[in-house]
Amino acid sequence: MADPTGFLRVPKVEAAKRPVDERIGDWREVYERQNPHERAGEVAQQARRCMDCGIPFCHSGTAGCPLGNLIPEWNDLVRRGRWDAASDRLHATNNFPEFTGRLCPAPCEAACVLSISEEQTGGSVTIKRIEQTIADQAWLDGTVEPQPAAISTGKSVAVVGSGPAGLAAAQQLTRAGHDVTVYERDDRLGGLLRYGIPEYKLEKSVLDQRLAQMRAEGTRFVTECEVGVDLSVEQLRARHQAVVLAVGALRARDNDVPGRDLAGVHLAMDHLVPANRECEGDGPSPLSAAGRHVVIIGGGDTGADCLGTAHRQGAKSVTQLDYNPEPPGTRDESLSPWPTWPLVLRTSPAHAEGGARHFEVAVQRFIGDDTGHLRAMEIAEVRVTRDAEGRRQITPVGESLEIPCDLALLAIGFEGVEHMALLDGLGLQLNGRGAVPCGSDWQTDAPGVFVCGDAHRGASLVVWAIAEGRSAAHAVDAYLMGESDLPAPVRPGVLPLAVV
Ligand SMILES: Cc1cc2nc3c(=O)[nH]c(=O)nc-3n(C[C@H](O)[C@H](O)[C@H](O)COP(=O)(O)OP(=O)(O)OC[C@H]3O[C@@H](n4cnc5c(N)ncnc54)[C@H](O)[C@@H]3O)c2cc1C
Ligand code: SF4
């Protein structure tokens with residue numbers, strides 16, 4: 001039985017962050033590394049704040065956790081110090097809670113009943129922190145062990161792409177007894193977990209320990225293999241009875257304002273990938289922000305990751321531009337009523353590390369020096385409106401202003417799945433959102449070929465990638481075996497929470 005008045009006695013306490021000066025001097029995670037015993041005690045108190053409200057909006061539905069994490073159950077187990085049992089309940093619905101516990105924007109917390117009236121309750125249960133602590137504690141205690149399948153079905157499945165969607169599908173299918181091979185075109189596994197998301201948000205050792213578990217369970221991995229090029233579609237089809245496309249939505253949106261072709265104007269991923277490679281020991285980034293005036297175009301999460309990366313590289317100044325108006329600091333019930341995801345100003349730890357953030361401002365042109373290198377940027381205040389067809393119109397208002405800039409990073413989102421030989425070979429077309437469409441069984445127009453994650457939703461979130469990978473695994477298992485006991489937490493077609 002949960003503690004019905006715990007939230008009245010225990011104040012909400014988030015994980016402590018390291019001082020800014022210290023954390024921008026290295027790439028380690030921004031949070032303090034607490035003594036595990038003290039952390040367990042503190043987090044058990046936080047779990048006490050969950051009253052088990054009866055209708056836990058946090059754990060399911062379009063507003064709560066896409067994975068259907070059994071939040072009130074594991075909160076109660078943590079409160080009672082039953083960490084092993086809490087880990088079992090958490091892993092029952094989530095293959096990788098150590099990723100979501102660090103990276104998820106936590107729609108569950110926005111949907112928590114304690115979020116209805118934050119002044120009275122002190123705010124939501126710290127669900128994400130509790131999730132991460134359960135996961136980290138389990139790894140520390142050595143209870144996250146390989147779970148090899150008891151039987152072999154003799155069926156072979158290819159998973160193309162090793163991001164969180166592909167990894168979740170692969171782990172589920174391996175545990176169901178199929179012979180699973182994950183093909184990845186990069187030299188290392190993990191998709192955006194490896195080369196998009198910076199080390200200070202997810203230390204890659206956290207990813208590597210999970211990959212080691214998957215290898216021990218029997219999942220095979222082939223890197224530096226672009227399916228459709230290094231392995232033909234005919235070879236793929238001949239080797240495997242089913243294929244899961246988890247190829248992401250990595251076609252970056254670009255900007256054609258005058259001066260775009262100057263040296264020093266780059267896409268965000270051109271900056272983030274080599275920074276992550278440097279952390280992997282591949283040598284200095286060729287696109288370091290060290291000593292440069294950096295301007296990030298785009299106010300979303302990818303822009304915030306560029307901000308944190310630029311500070312760690314020693315940028316002279318960092319400015320982030322967003323053409324949208326500044327959102328309100330607290331939920332506006334008329335725009336986004338509880339328990340939906342609120343439209344509020346989001347301040348990531350990177351924003352607290354410095355830099356300027358401007359709203360309703362957009363670049364008008366990039367200005368070069370005599371050598372063709374970017375030296376400044378012209379910006380203007382803008383207003384965003386919609387035309388009769390609903391298309392966004394961005395209109396400059398007032399004076400333009402020149403600001404120094406010798407590194408401009410475009411972090412303005414992703415348009416969808418990249419055009420690739422694999423899709424052509426399978427005869428698959430993208431839909432209007434740039435994604436690979438599928439039926440209600442996750443199967444594409446190519447028989448035996450399934451899709452999940454960003455490739456199906458468009459650019460989204462790690463939690464959705466895992467949820468879709470699990471659901472697609474259920475569909476593949478049913479396709480191969482006639483029925484499946486694997487869980488299917490989500491259906492195709494639920495609209496994404498966008499991350500840009
Ligand atoms: C900079 C950045 C930061 C983000 N931060 C967060 C965050 O903090 N929290 C959050 O929840 N979400 C975040 N996201 C979103 C999240 O990373 C994605 O939603 C998630 O990784 C999608 O998983 P996926 O498996 O579908 O695709 P991806 O992670 O994109 O993986 C796709 C993989 O497929 C491989 N591939 C593609 N084509 C082929 C082929 N033909 N053959 C072989 N391999 C192929 C690619 O190389 C890639 O490794 C962020 C995204 C970006 C860009
Ligand atoms: S995965 Fe995300 S939404 Fe689900 S419980 Fe964890 S933090 Fe909440």
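The values are calculated or read from the model by the stated rules, or taken from the named source; none is laboratory data. Please read all numbers here as calculations on a predicted model, not as lab measurements. As a convention, Cβ positions derive from the backbone with ideal geometry for all residues, glycine included, and neighbour counts pool all protein chains shown.
A few points about this structure:
- Residue count for the range 408-425, restricted to those that are crowded, with 20+ Cβ neighbours inside 10 Å and not in a loop (DSSP other than H, G, I, E, B): 7
- Any hit, the range 222-236, residues being more than 11 Å from ligand 1 (Cβ to nearest atom) and either assigned to a strand (DSSP E or B) or outside the structural domain of ALA169 (by the TED database) (or both): no
- Number of the exception - ARG491 against (1) touching a Pro at 6+ places or on another chain (Cβ under 9 Å); (2) of a type in the set (D, E, K, R); (3) modelled with pLDDT under 95: (1)
- Of the candidates LEU207, LEU189, the single residue that is under 17 Å from the mean Cα position of the chain (by Cα), more than 9 Å from ligand 1 (Cβ to nearest atom), outside the structural domain of GLU32 (by the TED database) and more than 16 Å from PRO148 (Cβ to Cβ) is LEU207.
- Selection status of THR121, crowded, with 21+ Cβ neighbours inside 10 Å, more than 16 Å from ligand 1 (Cβ to nearest atom), of a type in the set (Ser, Thr, Tyr) and under 25 Å from PRO339 (Cα atoms): no
- Only one entry of ARG33, ARG48, ARG28, ARG39 meets the criterion of being loosely packed, with under 12 Cβ neighbours inside 10 Å, of a type in the set (Lys, Arg) and either in the same structural domain as SER115 (by the TED database) or over 29 Å from THR121 (Cβ atoms) (or both), and that entry is ARG33.
- Neighbours by Cβ (under 7 Å, 6+ apart or cross-chain): first from the range 467-490, farther than 17 Å from VAL182 by Cα and more than 14 Å from ligand 2 (Cβ to nearest atom); second assigned to a helix (DSSP H, G or I) and acidic (Asp, Glu): SER484/ASP477; LEU486/ASP477
- Screening ALA310, ALA388 for residues that are more than 16 Å from ligand 1 (Cβ to nearest atom) and among the small types (Gly, Ala, Ser) leaves exactly one candidate, ALA388.
- Search result, residues across the range 124-146 that are surrounded by 15 or more Cβ atoms within 10 Å (Cβ to Cβ) and part of a loop (DSSP other than H, G, I, E, B): SER124, VAL125, THR126, VAL144
- Answer from VAL247, VAL318 - the residue that is part of a loop (DSSP other than H, G, I, E, B), surrounded by 21 or more Cβ atoms within 10 Å (Cβ to Cβ) and either within 16 Å of ligand 1 (Cβ to nearest atom) or not assigned by the TED database to the domain that holds LEU103 (or both): VAL247
- For the residues ALA92, ALA111, ALA63, ALA106, the requirement of being under 21 Å from ASP141 (Cα atoms) and either more than 16 Å from ligand 1 (Cβ to nearest atom) or not assigned by the TED database to the domain that holds LEU192 (or both) singles out ALA92.
- Looking at VAL125, VAL113, just one residue is over 17 Å from GLU468 (Cα atoms), within 11 Å of ligand 2 (Cβ to nearest atom) and either charged (D, E, K, R) or more than 19 Å from the chain's Cα centre (by Cα) (or both), and that residue is VAL125.
- Residues that are away from ligand 1 (no atom under 16 Å from the Cβ) and in contact with a Ser or Thr (Cβ under 7 Å, 6 or more places away or on another chain), drawn from the range 260-307: HIS293, VAL295
Residues are listed down the side, and each one gets a yes or a no for (1) exposed (fewer than 15 other Cβ atoms within 10 Å of the Cβ); (2) of a type outside the set (D, E, K, R); (3) farther than 18 Å from ALA268 by Cα; (4) modelled with pLDDT of 95 or more:
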{"residue": "LEU335", "(1), (2), (3), (4)": "yes, yes, yes, no"}
{"residue": "ALA350", "(1), (2), (3), (4)": "no, yes, no, yes"}
{"residue": "GLN364", "(1), (2), (3), (4)": "no, yes, yes, yes"}
{"residue": "VAL382", "(1), (2), (3), (4)": "no, yes, yes, yes"}
